[in-house]
């Protein structure tokens, strides 16, 4: 329950006004039985007002921890946010602000949608109570007005006969309906930022598409920014403007969604894309990234992807790569292939990737 | 819901029948029962003894004895005819229908072997003091257990939590009667500030439960209640300290579990203040399993009461139990055993039904 | 958290991509956690449980006192000292009698306590073994056979759990009250009334484990029922049984003291902690607090120690706990 963070000594300057969320050098570690695990290891990114950003990675890559750290929802301890980490939201540094102030931001300016709608809703209160409670708190409305607002939000997310639904308990609804309730709850106070942590993972495939469509629609209508966390590249392709790929707590690639998905430059992103099955690849060998994610206690000394990387060479085992500029100023990848030392190897690697992808394979983005 | 209640009641019936059989078997096997009652008495002739046994129906086959004790068989008839009551309806049906009034099923627990009193009347007389002691203890116990458990969970690993942990461990390890003895010594012998025995001050009031007492009570109601209150302090403290330990731990664990649930995180993400998150979203869920647990603990309250009442000479069921065992008054033993076991079954049933009420997810 | 290392150990062979040669040192990066044996892990977690270690320490001291105390102490329980000066209220703790002398016959309280420890510990642990054995057998039969047998056994358990057990024990113990040496009878009575919890536990474990893959796999390859029970199911059931056993020991030590205290337990001539307390009761009113205090403390410490150990074992066995 302790939620206090050590105040961070020097705070940098706030980002420009059009930037809603800026994360600078965020480091979150966990203390566990065998030592300290760096779950998020020095990541930085920013999200402009009304824009959408996707964070992609396998489980354990630190993407959910990033979201929880921004919301300040991690229990401290066992979690610790590193010195020098900064999160700027709407012109304020929120990691160092008093918790009481942070509470006023949560749910009203910054709302979160969780992965598992069944366990994320309180089983013993009606969904109307749960939404109205939040509205009443942030908008200082009476019980009746708050309940009316709850009905309105439920209607907004396409729940039929919302007046009846507000009186139901979470277990009386289907998974898709429950996730709509979560979205309605997040929207109820018109937040500037919605953080959706794997919002469709727990749902049936047919429902997934509906929920994503709804999220996109809502985001465009309300103009709030969306931070979408997912392991599914297909979802990213459909939903976001920019994307960040995370691996073992680090950003390995970032850029616009077209850059990253069509012209991946980090071998990890390439591997992820290659492993997506498609009609074109029928009959061919489906590639998968070799090996497993390394244990956080036994990280490779230099490049963390090196043991699994098909393009690695000596340098990858001795020097840790930085995020480097690739196809454009905004398209970055953490790989030695994009340094002068690796320039000679880049064409071969890209060729290898193209073969693996079966040239001509279409990505969801192209279908639009 | 009604269906569920009916199903639970039906499920409880074989258990209660089992209890009556065990009760009867236990007492039948007991040495020092009526069979031996006069065995050592030289002044009672064999003939007299035989007559006594016959009069009490103790020469009948055991199933017949059980049937009569239960009220399934009519003692005034023999053979299969005994199954039919005086009005012609089966004997086991309630008195207004069957016209029969013997046996457990008709609320008749027989006569005390020792004193000849009605067993039911003796138990009812002893039940009031026990009910007073147990209900006060239960109230104090639950209030403190919930407060201790919740705050220990919220302030996990704090000094308070560690103190509560130590208290719980020691309380859990402490035999009721030893704590009672030590309290008697400290408050009654060394400091002489609290009464250590009985329910009322016998120097000023008649013994509790007697007719004279109620006359006295009518004249001095406030003084009487205060008097009982003073006598309640040590027995209640004894029962509470010993019983609270397990519950506060249980509530703490339940609370810790709910505090780790996704919906608590959601509540925080909604920006709710800490106390709303804890006392509304978490506590409401944390108390669900506690409801069942309380139902299961009522027998412990009873066994705790046996010894507490003995130590503090509280004139309740516990004391009646010990006295009747000492005097081999086995009909009273049977009555107490039967009533308390059935109460346990009923308490469990109520706990289950109550659980279905407080948890909206449960539908039957 | 997703950041926990894989404890089961990975047998995945270090596989290197074909396009680059695999240098020897690359293996260092692979997940190569040794598979810690389950017992080793349990022991590792148990060692970190401070209370459990304290419990082991306390229990060790109490056992040592119970075994060696009566041999080395200068007094004996059956040998009544004849003091020069009769002190009805006894004598408070002193150097010669660290726990004081009792009122009345003026026994040395320490001698009583260590002699009582022998009987009380014997009763607590032996009755636990009886209870756990019965409970395991009943639970295993119930869970493995199922059907009517299961139903019948579980109804019996329901009935027994509904009875106020200490009351029943009081009634039964009374049968043996007048026997000169009834310790074993008391042990058997307590054993016969402490198996129900274990049987429910074992039954539910059987039901859940029976469905698990490794048992299904064993069945699929034609392993016999007996072998499945003894080689596959019981080893998995041991941890919760051990934890339940610790609770039984604690409960029966208190229970015996309770029954003896009320005068229905072990013959009053045999010292047990309950008997000592029972004898001390009347002398308390003349201020003789040390007579009941020390045997009571012995009970509290023993039960505390057993509970600490039980908690430590539960945490250590719990795969979710991380010490």
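Taken together, the values in this text are just the output of simple stated rules run on the coordinates, not laboratory data. Computed from a predicted structure; not experimentally measured. Cβ atoms come from the backbone with ideal geometry, glycine included; neighbour counts cover every protein chain shown.
Summary table
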| item | result |
| --- | --- |
| Fraction of antiparallel bridges per DSSP, the range A:1-127 only, in percent to nearest 5 | 95 percent |
| Where only alpha carbons of the protein assembly as shown are counted, the Rg and the Dmax (Å) | 36.3, 121 |
| Alpha carbon centroid spacing (whole Å) that separates the range C:87-156 from the range B:93-149 | 31 Å |
| Angle in degrees between helix A:143-156 and the longest Cα principal axis of chain A, rounded to the nearest 10 | 40 degrees |
| Label point distance in nm, residue B:5-residue B:80, each placed 7 Å from Cα along Cα→Cβ | 3.9 nm |
| Residue order, fewest to most surrounding Cβ atoms within 10 angstrom, among A:335, A:316 | A:316, A:335 |
| Chain A: antiparallel DSSP beta bridges as a percent of all, rounded to 5 | 65 percent |
| Gyration tensor verdict on the range B:25-171 (Cα atoms; rounded if a/c is under 1.5, prolate if a/b is larger than b/c, oblate otherwise) | prolate |
| The range A:106-165 and the range A:54-92: distance between their alpha carbon centers, rounded to Å | 25 Å |
| Sorted by Cβ density within 10 Å, fewest first, the residues A:243, A:257 | A:257, A:243 |
| FRET efficiency, 1/(1 + (r/R0)^6) with R0 30 Å, evaluated for residue C:208 and residue B:162 via beta carbons | 0.30 |
| Shielding by other protein chains, B:285-297, mean Cβ within 10 Å | 1 |
| Residue C:76/residue C:54 FRET efficiency (R0 25 Å; Cβ-Cβ; nearest 0.05) | 0.20 |
| Per-residue mean of C-beta atoms belonging to partner chains within 10 Å, peptide A:115-127 | 5 |
| Residue among B:279, B:92, B:312 with the largest mean-square fluctuation in a Gaussian network model of chain B, springs linking Cα atoms under 10 Å | B:279 |
| Centroid-to-centroid separation of the range A:248-279 and the range B:290-364 [C-alpha atoms, Å] | 67 Å |
| Beta bridges per DSSP with both ends in the protein assembly as shown, % antiparallel, nearest 5 | 65 percent |
| Average partner coverage of A:99-107, which counts Cβ from other chains inside 10 Å | 3 |
| Label-point separation, residue B:43 to residue A:339 (7 Å along Cα→Cβ), nm | 11.3 nm |
| Ranked list, fewest to most other Cβ atoms within 10 Å of each Cβ, for B:125, A:325, B:68 | A:325, B:125, B:68 |
| Pairwise label distance in nanometres, residue A:58 with residue B:275, each label 7 Å out on the Cα-Cβ vector | 4.8 nm |
| FRET efficiency estimate (nearest 0.05) - Cβ-Cβ, residue A:213 to residue A:172, R0 22 angstrom | 0.35 |
| Per residue convex hull volume, Cα atoms of chain B, in Å³ | 199 Å³ |
| Additional length obtainable on full extension of the chain from residue B:186 to residue B:143, 0.36 nm per residue less Cα span | 12.9 nm |
| GNM result for chain B, Cα springs below 10 Å: residue of B:336, B:21, B:251 fluctuating most strongly | B:21 |
